[in-house]
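This report refers to the structure that appears directly beneath it.
The values are calculated or read from the model by the stated rules, or taken from the named source; none is laboratory data. Worth saying up front: this structure is predicted, and the values here are computed from it rather than measured. A quick note on method: Cβ atoms are made from the backbone with ideal geometry, for glycine too, and the neighbour counts reach across all protein chains shown.
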Amino acid sequence: MPFPVQITFRNMDPSPAVEARIREKVTKLEHISDRIIGCDVTVEAPHRHHHKGKLYSVHINISLPGNDVHVDHAGPEDPAHEDVYVAIRDAFDAAIRQVEDHVRRMRGDVKTHVS
């Protein structure tokens, strides 16, 4: 990875398997844009006082020239996020879409409306 990747775990113990999955997903981002400057990923487990399953939230900040991409996949919307790997997958899918959109805008593939 030519850019720094910062992985942070909150309210949970660091897991080498989860970290490996995150780094695998980050390499997919490299193939979309070679202009990524940095990537910060935070995986957060909720407090233990929740009544239903633990829903993980994943926050991704990708630094690009001219604009940053922020993805916050959190909240009780999706019960599938009781699995940390599903939460990571969904967050990185959203990040990939946003980076692809950013690349299209930078290339000029997206029309801008004159106001």
Exercise. Give me the pairs, please: first residue somewhere in the stretch 85-103 and farther than 15 Å from R23 by Cβ, second residue anywhere and acidic (D, E), beta-carbon distance under 6 Å, and either six or more positions apart or on two chains.
Key: none
Exercise. Kindly provide the set of residues from the stretch 1-14 that are in contact (Cβ under 8 Å) with a residue 24 or more places away in the chain and assigned to a loop (DSSP other than H, G, I, E, B), ordered by number.
Key: M1, P2, F3, P4, N11, M12
Quiz item: Picking from E24, E77, which residue would you name as being exposed (fewer than 15 other Cβ atoms within 10 Å of the Cβ), out of contact with any Cys (no Cβ under 6 Å at 6 or more places or on another chain) and at pLDDT 90 or above?
Solution: E24
